[in-house]
Amino acid sequence: MSPNDNRRLITALRNSAPQEGTEVIETHISTVLLVGDYAYKIKKPLDLGFLDFSTLQRRHHFCEEEVRLNGRLAPDTYLDVVAITGTVAAPQLGGEGEAIEYAVRMRRFPAEGLLSQHADLLTTEMLDTIADRLARFHGEVDVAGADVGYGDPEILIEPMRHNFDQVDRLVDDAAAVERVTRLAHWTEERYQQLHGQLLKRKAEGAIRECHGDLHLGNITLVEGE
């Protein structure tokens, strides 16, 4: 599946869906197709270094992982993984035959519950509820042991260095180059300064199997929860 095939697939899926109430939401790594009561999240065939969705097998694996991990906090939203069969020009969600792509199937939630769009919903009481729920969740989830790389300082710095390698190839303005160089040096200095603290956090069990991208766009109110 090439990026061009992925775009053709999304277009074909959207054209075959009921037009009323159907929407497409794009992120830099996924496309979400909103159809009726459901949302179908399809990962783009990308390799960005910090993630690799370049093969069908890997996209299937990470769809399964998304349901497993996110279903812990939102089991009524994250339902399952469905195969997309047929062809790029005539795809079928959950059809018979060999899969050409996979999608995370979620229950569609009302847009008016998304806190990033409706900050008036964010009361002091709701903040306390969110904090209590997350603290309890973090205390329950798996801890990264010494035998896995998560939380190791050398693993944490790698994607940061990779970002600078990518930016260096794109920036040619002298002032921008100077800023990027200064930021890269600062990153390395802070890495050295925090190295011991990072090791301490790993040793004390502070590295957990949870979500680090917490912001209002990732929190929604559904039926009071």
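The values are calculated or read from the model by the stated rules, or taken from the named source; none is laboratory data. As the structure is a prediction and not an experimental result, all values here were calculated from the model. Backbone-built Cβ (ideal geometry, glycine too); neighbour counts: all protein chains shown. Just so you know, the surface numbers come from the protein's heavy atoms only, side chains and all, with ligands and any DNA or RNA stripped out. Shrake-Rupley method; radii C 1.70, N 1.55, O 1.52, S 1.80 Å.
With the contact rule set at Cα under 8 Å and sequence spacing of 6 or more, what percent relative contact order holds for the chain?
Relative CO of the chain lands at 17 percent.
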Report Thr77's accessible area, 1.4 Å probe, all protein chains in place, as a number in Å² to the nearest 10.
30
In a GNM of the chain with a 10 Å cut-off on Cα contacts, which of Asp80, Asp152, Asp120 has the highest mean-square fluctuation?
Asp120
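Treat every Asp and Glu Cβ in the range 23-93 as -1 and every Lys and Arg Cβ as +1, leave all other atoms uncharged, and give the resulting dipole magnitude about the Cα centre to the nearest 20 debye. Mind dumping the intermediate values first?
Working: 7 positive and 10 negative charges, 35 e Å.
Value, rounded to 20: 160 debye.
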What residues have an amide H closer than 5 Å to that of Leu46, excluding those fewer than 5 places away on the same chain, when H is modeled at 1.01 Å from N in the peptide plane?
Phe53, Ser54
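Taking R0 as 25 Å, what's the FRET efficiency between Glu65 and Gln197 from their Cβ-Cβ distance, rounded to 0.05? Before the final figure, lay out each step's value.
Numbers: r = 29 Å, r/R0 = 1.15.
Computed FRET efficiency for Glu65 and Gln197 comes out at 0.30.
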Please report how far the C-alpha centroid of the range 118-147 lies from that of the range 51-115, rounded to the nearest whole angstrom.
25
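Starting from the range 32-101, pick out the GluC sites (Glu not before Pro) whose DSSP state is loop and whose Cβ has at most 15 other Cβ atoms within 10 Å. Kindly include the intermediate steps, with their values, before the conclusion.
Details: sites: Glu64, Glu65, Glu66, Glu96, Glu98, Glu101; in loops: Glu96, Glu98.
Within the range 32-101, the qualifying GluC sites (Glu not before Pro) (loop, at most 15 other Cβ atoms within 10 Å) are Glu96, Glu98.
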Other-chain or far-sequence residues with amide H under 5 Å of Gly95's (modelled H)
Thr85
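For Ile25, Ile130, give the ranking by accessible area with the largest first, probe 1.4 Å. Display every interim value, and only then the final one.
Details: Ile25 75, Ile130 40 Å².
Heavy-atom accessible area, descending, gives Ile25, Ile130.
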Could you name the aspartates and glutamates whose alpha carbon sits less than 12 Å from that of Lys43, not counting residues in the same chain fewer than 8 places away?
Glu26, Asp52, Glu64, Glu66, Glu101
Solvent exposure ordering (accessible area, 1.4 Å, most first) of His195, His138:
His138, His195
